[in-house]
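Step one of this worksheet: look at the structure below.
The values are calculated or read from the model by the stated rules, or taken from the named source; none is laboratory data. Because the structure is predicted, anything quoted here is derived from the model rather than measured. Here Cβ is always computed from backbone atoms with ideal geometry, including for glycine, and neighbour counts include all displayed protein chains. Surface areas here come from the heavy atoms of the whole protein model, side chains and all, with no ligands, DNA or RNA. Shrake-Rupley method; radii C 1.70, N 1.55, O 1.52, S 1.80 Å.
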Amino acid sequence: MEGVSELRERYLAEVAAAADPAALEAVRLAALGKKGAVSLKMRELGGMDAEARKTAGPALNALKDELDAAIRARRAGLEDAALDARLAAEWLDVTLPGRPRPTGTLHPVSQVMEELTAIFADMGFAVAEGPQVESDWFNFDALNIPPEHPARQEHDTFFMARADGDDRPPHVLRTHTSPVQIRAMQAQGAPIRVIAPGRVYRMDMDQTHTPMFHQVEGLAIDRDLSMANLKWVLEEFCRAFFEVDGVELRFRASHFPFTEPSAEVDIRCSWAGGQLKIGEGDSWMEILGSGMVHPHVLRAGGIDPEKWQGFAFGMGIDRIAMLKYGIPDLRAFFESDLRWLRHYGFSALDMPGLAGGLSR
Amino acid sequence: MKFTLSWLKDHLETEAPLSAILDALTDLGLEVEEVDDPADRLGAFSIARVIEAVQHPDADRLRLCRVETYPDGPGTAPQEVQVVCGAPNARTGLVGVFAPVGTHIPGTGVDLKPGVIRGVESNGMLCSGRELEVSEDHDGILDLPADAPLGARYIDWAGLNDPMIYIKVTPNRPDALGVRGIARDLAARGLGRLKPRAIAPVPGAFACPVSVTIDPALKERGCPLFMGRVIRGVTNGPSPAWLQARLRAIGLRPISALVDITNFFTFDLNRPLHVFDAGLIRGSLRIHPAAGGEELAALNDKTYRLAPGMMVISDDAGVESIAGIVGGAPSGVTEGTTDVFLESAYWDPITIAATGRALKVNSDARYRFERGVDPAFTGPGLEAATAMILELCGGTASEVVSDGAVPDTDRSYAFDPARVVSLVGMDIPEDDQRATLTALGFRLEGDRAHPPTWRPDILGEADLIEEVARIASLTKLAARPMARPQPGVPRPVLTPMQRREGAARRTMAALGFNECITYSFIDADAAALFGGGSDAVRLENPISSEMTHLRPDLLPGLLRAAARNQTRGQGDLALFEVGPVFTGGEPGEETLVATGLRIGHAGPRDPHASRRPVDVFDARADAEAVLAAIGAPAARIWRGTGPAWHPGRSGALRLGPKLTLAEFGEVHPRVLAALDVKGPAVAFTLHIAAAPLPRARTTTRPALAVSDLQAVERDFAFVVASDIEAQAVLTAAQGADKTLIDSVRLFDEFTGPKAEAQMGEGRKSLAITVRLQPRDRTLTEAEIEAVAARVVDKVAKATGGTLRG
């Protein structure tokens, strides 16, 4: 029968030599299994005298613990090696492309409409809507454009066909968003603050015109609003929208049938190097029309012009989108060219807000 | 409206520089569109003398000129330049106009370079009138008087240094269509003094041989006043140089003295006139509505056929002029004209506009009459023009004949200086306000203001405010903050529907769709494919045959967009639009829908074999995702939709038989073929407003109900007839135990020939997972088996399905 030290030497050597988990298990059974060499040795303890058992017992227990620890360590080592070998075999070309994820876009007009809403909501303007097909009363008469007014001819209006025997004046595709003013006033009365973004239609198609485009109308009526307030609102809007602190606006007297006094509004800009920069330079660019709401228009909206006064303004959404984002061609807005949509579009999570800014 | 600076100064006494005048015009509402300063174009051309002209040694038609030039201006050191010149009048001693090397020649568009012509150097050019664009003359070089100042700029000497100003006049300002009206605005602004103007009547030397009458039908409305007179013994040659220069400067071609004079008054005083050759008028003149069918060869070389009621001027032989719009050629003046009839009339703007529009004539006369000339100036205009004709063409004037009277335009409006301050938000003292109105010709009587006769646009108190504000300068207006409607954090403004629209849009972009905006009008054929294209939605005046009808659906526009992208090589597309579709042609007959269209494959080719063609279940998932995003309640699937969809591969998500939230499916192959789209194409359309709004809005969520007890899942595979819908199996299984069954999910469908081989013809297998959630205690195996048996039983009853062995 071997002594403890021989057993230790032999099995430690065998543990170290075990090449795989099965061989290691065989060593474990041979040493520590029920009929293993160490177990058999322990059984001999019963036949020893107390003195001998005192030294042999702890020695055998220590041997058992030591072999057990060696087997565990060896097993972990073998498992690590096996894992390393497997992982080495599992090599993949990680330069392969990832699985495609869809990325959609929002149209710049939608994005700019939300930008407008964010800015004007902060100044207390709600968003009003109206129909695309309008009666000529809402589109013209209510806005102080009587049938013979030269401005009516300048609108290049699309008319709806009338059935034979239907003698009403033909409906029109709204030529501007201004009729929404009338509808909003009729629905809500004064005081009122609304913007009305939407599609408008004019019979015009060339390099810089499309038969459909987008406008936003603004209307604010209260007891004492003045043109000076109008100028402030527009300055604040331009500063926020173009994201330029030093915007400068120039009001120029003009004429619109539905406002009086009327002003066209220019913004200071520079075209140096063919690139538009708002708020610097020596050029002025017309960006919108505005004025104090004409008493006839207030009356058409059911509001007493003796008690209430206010302003209105209108501008082209596509146009300010082009200016802000450097989009060159209006016609492309409606061509749905995928390359254009991806290039000029906005991500679903680009939500314009005043806290984080309107654009990235 | 075009005019020149010197023309303006005929009416405005001013020392203001050009730039100040231009700024003021724009600020006053007379927006400067363009300024043409001749000094920019012609400043380099100076007066020079030919010291000697000799024959070119090698060319018969060319002369060699030694030219005495003064590059540093008159009175400085002369410099001799050699010029080769082909003009026949180039001669020794000629004083002409010289352009040095480097000058741009406007008439030819050439930049002068030093040259060698047939072996001889030429370092500049002696110019013709046409090369400078100051006349049509190109027979020879300009030949100036011998005493013309050598070295001086030609334009200064010739009086051509007169900037042309082009302003945009808004339709409310007919008075600004005359130079005097523009001067009046500038004077009111303080840029000078409006020069006084006195028009003395020209006494008639004889009775007018032509009588005039206005048809009673037109006296009330149409032609309130018609005046005229004959001038005998005129000579109608070219008009004087100053008049020709003015007309040319504003882009008009001088024709003859008489015509030029009428054009002059059109632009100078906004007083269009007409001259007839009196020798060609038979009998008397009558202003009357056309009977219809008459034809007139007009002075613009076109022939017009008149409609009944159009206002015309006729003599005894027939129509001679379309009143206020364009004169007739047969009675027009020529160089041989000796006797003229000069017409000055006040025409009703609306009548002129209607006729002008119907005949599509755009004349300076129509443009002014339809905006409204000064009715009170009809007579003085006639007198002023008579005086000029007598001065420039000679002759003797008859007495004035007329019919009608100056219409009474006197009216007054309350003028409230405090209201001006309140509305404009600018502190303009009352005295300044009154001075402004007075300078513009208003007559103030206490708190009433009477507009002048030349301002038909002033129709109320608001117009007075505009005049004061305009003259005071809106450029100077200082911005003033506008308070929020209520103090504090702004309230939300969007309606639930508006928020839905935004959510739908952003969800679709998040799902990978690209947003398009397509036209609201489409072609009739495409509309018909989608049940539209009726006369109710037809445009009376479409701009093209592709845009004739309001769209009944967003799909045709998106499909056309897809076809365009496919021709550009983009095969896989996911496009969407949110916008109105039209059910009729009345206001409000429109609804807001969101449509998504997927074409081709779900993604690009990749090495992971994840590419697959899009199918109807993509469309269904898209529709359900967007419905969930807008907060729509769970909807049931109904088979089949409209004619534009594949009849067997489309469905609707509905809350009830009449309440459709969305449709989805494969687009019908006939529709794809008609719109030139290569499939597969699947789509969904969501009716944004259809889903009911939640009854009460609360931010509180219901309490979360979760169980600590382990849920149990059991799988079942049923063999059913091929036409049994999965929904029927799911509904039946769900009904087996309303409390214990938490959810039922379909996870496999086994169908087709292989399935039939196993399970028999016309059979398929559907596999579902039933998840049981114990409520108060763990389920025993017996309880689970009992529920499972009920599931099998329910499905068997509802669908005839049996458990797959």
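What to note about this one:
- Options A:A142, A:A163, A:A128, A:A89; residue that is open to solvent by 50 Å² or more (accessible area, probe 1.4 Å) and in contact with a helix residue (DSSP H, G or I) (Cβ under 7 Å, 6 or more places away or on another chain): A:A163
- Evaluated against (1) within 14 Å of chain A (Cβ to nearest Cβ); (2) open to solvent by 40 Å² or more (accessible area, probe 1.4 Å), B:T351 falls short on exactly one condition, (2).
- Those residues of region B:366-410 which are open to solvent by less than 10 Å² (accessible area, probe 1.4 Å) and basic (K, R), in sequence order: B:R368
- From the list B:A509, B:A503, the lone residue that is out of contact with any Leu (no Cβ under 9 Å at 6 or more places or on another chain) and either part of a helix (DSSP H, G or I) or at pLDDT 95 or above (or both) is B:A503.
- Subset of region A:203-232 that is touching a Pro at 6+ places or on another chain (Cβ under 7 Å) and at the interface with chain B (Cβ under 9 Å from one of its Cβ atoms) - its residue that is farthest from A:P108 (Cα to Cα): A:D222
- Candidates A:G281, A:G301, A:G274: the one that is of a type outside the set (A, V, I, L, M), buried (at least 22 other Cβ atoms within 10 Å of the Cβ) and more than 9 Å from chain B (Cβ to nearest Cβ) is A:G301.
- Against the criterion of being open to solvent by 20 Å² or more (accessible area, probe 1.4 Å), among the aliphatic types (A, V, I, L, M) and either in a loop (DSSP other than H, G, I, E, B) or in contact with a Ser or Thr (Cβ under 8 Å, 6 or more places away or on another chain) (or both), B:V202 qualifies.
Listed here are the residues, each with its yes/no results for (1) within 30 Å of B:L28 (Cα to Cα); (2) away from chain A (no Cβ under 12 Å); (3) crowded, with 16+ Cβ neighbours inside 10 Å.
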| site | (1), (2), (3) |
| --- | --- |
| B:R443 | yes, yes, no |
| B:R455 | yes, yes, yes |
| B:L474 | yes, no, yes |
| B:A479 | yes, no, yes |
| B:M497 | no, no, no |
| B:I517 | no, no, yes |
| B:G531 | no, yes, no |
| B:H549 | no, no, yes |
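- Of residues in region B:533-547 being facing another protein chain (nearest Cβ under 7 Å) and open to solvent by less than 30 Å² (accessible area, probe 1.4 Å), the one nearest to B:D572 (Cα to Cα): B:M547
- Top-ranked residue in region B:519-529 [being buried (at least 20 other Cβ atoms within 10 Å of the Cβ) and in contact (Cβ under 8 Å) with a residue 60 or more places away in the chain; ranked as farthest from A:E134 (Cα to Cα)]: B:L529
- Candidates B:G251, B:G279, B:G283, filtered to the one that is small (G, A, S), surrounded by fewer than 21 Cβ atoms within 10 Å (Cβ to Cβ) and under 26 Å from B:P38 (Cα atoms): B:G251
- Filter pass, A:D350 being more than 8 Å from every other protein chain (Cβ to nearest Cβ), part of a loop (DSSP other than H, G, I, E, B) and not hydrophobic (A, V, I, L, M, F, W, C): yes
- Each residue in region B:6-37 was checked for being hydroxyl-bearing (S, T, Y) and under 25 Å from A:V265 (Cα atoms), and 2 pass.
- The residue that is farthest from the other protein chains (Cβ to nearest Cβ), counting only those in region A:129-163 that are touching a Ser or Thr at 6+ places or on another chain (Cβ under 7 Å) and at pLDDT 90 or above, is A:L143.
This table checks each residue for (1) assigned to a strand (DSSP E or B); (2) at pLDDT 95 or above; (3) surrounded by fewer than 20 Cβ atoms within 10 Å (Cβ to Cβ); (4) more than 26 Å from the chain's Cα centre (by Cα).
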residue: B:A561; (1), (2), (3), (4): no, yes, no, no
residue: B:G571; (1), (2), (3), (4): no, no, yes, yes
residue: B:L575; (1), (2), (3), (4): yes, yes, no, yes
residue: B:V581; (1), (2), (3), (4): yes, yes, no, no
residue: B:V593; (1), (2), (3), (4): yes, yes, no, yes
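- Taking each residue of region A:155-170 that is under 22 Å from A:I145 (Cβ atoms) and looking for partners that are of a type in the set (F, W, Y) with beta-carbon atoms closer than 7 Å, six or more apart or interchain, yields A:F158/A:Y201; A:P170/A:F159.
- Flag if B:G585 is open to solvent by less than 20 Å² (accessible area, probe 1.4 Å), part of a loop (DSSP other than H, G, I, E, B) and at the interface with chain A (Cβ under 10 Å from one of its Cβ atoms): yes
- Answer residue from region B:499-510, given it is more than 7 Å from chain A (Cβ to nearest Cβ), touching a residue at least 60 places away in the same chain (Cβ under 8 Å) and not acidic (D, E) and is surrounded by the fewest Cβ atoms within 10 Å (Cβ to Cβ) among those: B:A503
- Candidate set: region A:92-113, residues that are within 15 Å of the chain's Cα centre (by Cα) and more than 7 Å from chain B (Cβ to nearest Cβ); chosen: the one most open to solvent (accessible area, probe 1.4 Å): A:M113
- Test: residue in region A:352-360 that is on the phi > 0 side of the Ramachandran plot, of a type outside the set (D, E, K, R), open to solvent by 20 Å² or more (accessible area, probe 1.4 Å) and not assigned by TED's automatic domain parsing to the domain that holds A:V233: yes
- B:P552 being within 21 Å of A:R331 (Cβ to Cβ), outside any strand (DSSP E or B), assigned by TED's automatic domain parsing to the domain that holds B:V593 and modelled with pLDDT of 95 or more: no
- Within region B:138-177, considering residues that are closer than 30 Å to B:A353 by Cβ and open to solvent by 30 Å² or more (accessible area, probe 1.4 Å), the one farthest from the chain's Cα centre (by Cα): B:Y166
- Exclusive hit being over 30 Å from the mean Cα position of the chain (by Cα) and either in the same structural domain as B:D175 (by TED's automatic domain parsing) or open to solvent by 40 Å² or more (accessible area, probe 1.4 Å) (or both), set B:P492, B:P451: B:P492
- Scanning region B:241-257 for residues that are closer than 23 Å to B:E383 by Cβ and in contact with an Asp or Glu (Cβ under 9 Å, 6 or more places away or on another chain) gives B:L243, B:R246, B:L247, B:S256.
- Within region A:233-258, residues that are more than 8 Å from chain B (Cβ to nearest Cβ) and free of Cβ contacts under 8 Å to residues at least 24 places away in the same chain reach partners that are part of a loop (DSSP other than H, G, I, E, B) and open to solvent by less than 40 Å² (accessible area, probe 1.4 Å) with beta carbons closer than 7 Å, at six or more positions or on different chains, in the pairs A:R239/A:V247.
- Identity of the residue in region B:618-646, within 45 Å of the chain's Cα centre (by Cα) and free of Cβ contacts under 8 Å to residues at least 40 places away in the same chain, that ends up nearest to B:F747 (Cα to Cα): B:A621
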